[in-house]
Amino acid sequence: MNLNFILNGEDVSVRSEPGVRLIDILRGHFSLFKAKSGCLTGQCGACTVFFNGLISPACLIPAFKISGSEIITIEGFSQTIEYQEIMTGFIEVHLGNCGYCEAGKILCTEALLGRNLSPSKEEILMGFSGIKCRCTNAERLVKAVNVIADLRSRRLNGRTV
């Protein structure tokens, strides 16, 4: 079947069998490798993408659902100022990224702060409950999200750091 959709802001088309997973299409047809094929059950967060504006595991999205959708991968998101703020916050608190969970941590941060610029510790931890990786330190993650929220708030309100 032919699939037409928006990928990282560009109209694209690909031919695929209906049951092929989005993660395999991203990696095999578009050479987008930062989302990983982890558990393939939607449990680990390694294949996280924005699918029609929502955080989604690409391993659970079959090709037949892709047509007409908008998908943003970590590669596309990395071109934004929001990505730069997130990376600045992660670096400031020494929050490690092993590479396996990178897409999940970064995109979950964006989804969380896109809904709420002042999340509580509990909201932050809940927002990352789908990320299963040994490199994730919960206390540093909370601290990083708070730093990023402050950076974003300052930018949105026209204040300098």
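Structural remarks
- Checking GLU102, GLU122 one by one, the residue that is in contact (Cβ under 8 Å) with a residue 60 or more places away in the chain and open to solvent by 30 Å² or more (accessible area, probe 1.4 Å) is GLU102 and no other.
Matching residues to (1) of a type outside the set (A, V, I, L, M); (2) in contact (Cβ under 8 Å) with a residue 40 or more places away in the chain:
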{"site": "PRO18", "(1), (2)": "yes, yes"}
{"site": "SER31", "(1), (2)": "yes, no"}
{"site": "LYS34", "(1), (2)": "yes, yes"}
{"site": "GLN43", "(1), (2)": "yes, yes"}
{"site": "PHE51", "(1), (2)": "yes, no"}
{"site": "LEU54", "(1), (2)": "no, yes"}
{"site": "PRO57", "(1), (2)": "yes, yes"}
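- Test for GLY96: is it outside any helix (DSSP H, G or I), among the small types (Gly, Ala, Ser), open to solvent by 20 Å² or more (accessible area, probe 1.4 Å) and under 22 Å from PHE30 (Cβ atoms): no
The values are calculated or read from the model by the stated rules, or taken from the named source; none is laboratory data. Every value quoted in this text rests on a predicted model; they were computed, and no experiment measured them. No Cβ is skipped: glycine too gets one built from the backbone with ideal geometry, and neighbour counts run over all protein chains shown. When the accessible area is computed, the model is the full protein with side chains, heavy atoms only, and any ligands, DNA or RNA have been set aside. Shrake-Rupley method; radii C 1.70, N 1.55, O 1.52, S 1.80 Å.
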